[in-house]
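What follows is a short report on a single structure.
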Amino acid sequence: AAGRVRLYWDANAESDLAGYVLVWGNAPGVYTQSATLSAATVTHEVTGLTDGTYYFAVRAFSASGLQSGYSNEVRVVVTTPVAISTP
């Protein structure tokens, strides 16, 4: 089964906020995947993750395309639960 991670962040208070870009990858500071999210979004679930370590960050962007710096990075280890059968 594929793993999933639900992330939450504090809303950006800028008046011209257009949205967020959530980024992630398998090495610190190296983001190979991303999702662009609306300004009203402060949580997102990433699905389809294989077992391993992932690093996530988010940045806000304005209507004119300006982007904030990355948030603090979050490290998450995804593991598939092991099913145990009993006789």
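The values are calculated or read from the model by the stated rules, or taken from the named source; none is laboratory data. Given the structure is predicted, the values throughout are model-derived calculations rather than measurements. When we count neighbours, we look across all protein chains shown, and the Cβ atoms used for this are built from the backbone with ideal geometry, even at glycine. When the accessible area is computed, the model is the full protein with side chains, heavy atoms only, and any ligands, DNA or RNA have been set aside. Shrake-Rupley method; radii C 1.70, N 1.55, O 1.52, S 1.80 Å.
Quick look at the numbers
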| item | result |
| --- | --- |
| In region 31-43, the residues that are under 19 Å from residue 3 (Cβ atoms) and assigned to a strand (DSSP E or B) | 33, 34, 35, 43 |
| Tally of residues being surrounded by 10 or more Cβ atoms within 10 Å (Cβ to Cβ), more than 11 Å from the chain's Cα centre (by Cα) and among the hydrophobic types (A, V, I, L, M, F, W, C) across region 35-46 | 1 |
| Residue that is farthest from residue 11 (Cα to Cα) [pool: residues in region 47-76 that are surrounded by 14 or more Cβ atoms within 10 Å (Cβ to Cβ) and of a type in the set (Val, Ile, Thr)] | 76 |
| Lone qualifier among 76, 58, 46 - being touching a residue at least 60 places away in the same chain (Cβ under 8 Å), in a strand (DSSP E or B) and either aliphatic (A, V, I, L, M) or at positive phi (or both) | 76 |
| Condition met for residue 4 (at pLDDT below 95 and of a type in the set (Lys, Arg)) | yes |
| Those residues of region 1-17 which are over 9 Å from the mean Cα position of the chain (by Cα) and open to solvent by 40 Å² or more (accessible area, probe 1.4 Å), in sequence order | 1, 2, 4, 10, 11, 12, 13, 14, 15, 16 |
| Residue 53 vs. criteria in contact (Cβ under 8 Å) with a residue 40 or more places away in the chain and under 18 Å from residue 4 (Cα atoms) | no |
| The listed residue being in contact (Cβ under 8 Å) with a residue 40 or more places away in the chain and under 12 Å from the mean Cα position of the chain (by Cα), out of 20, 31 | 20 |
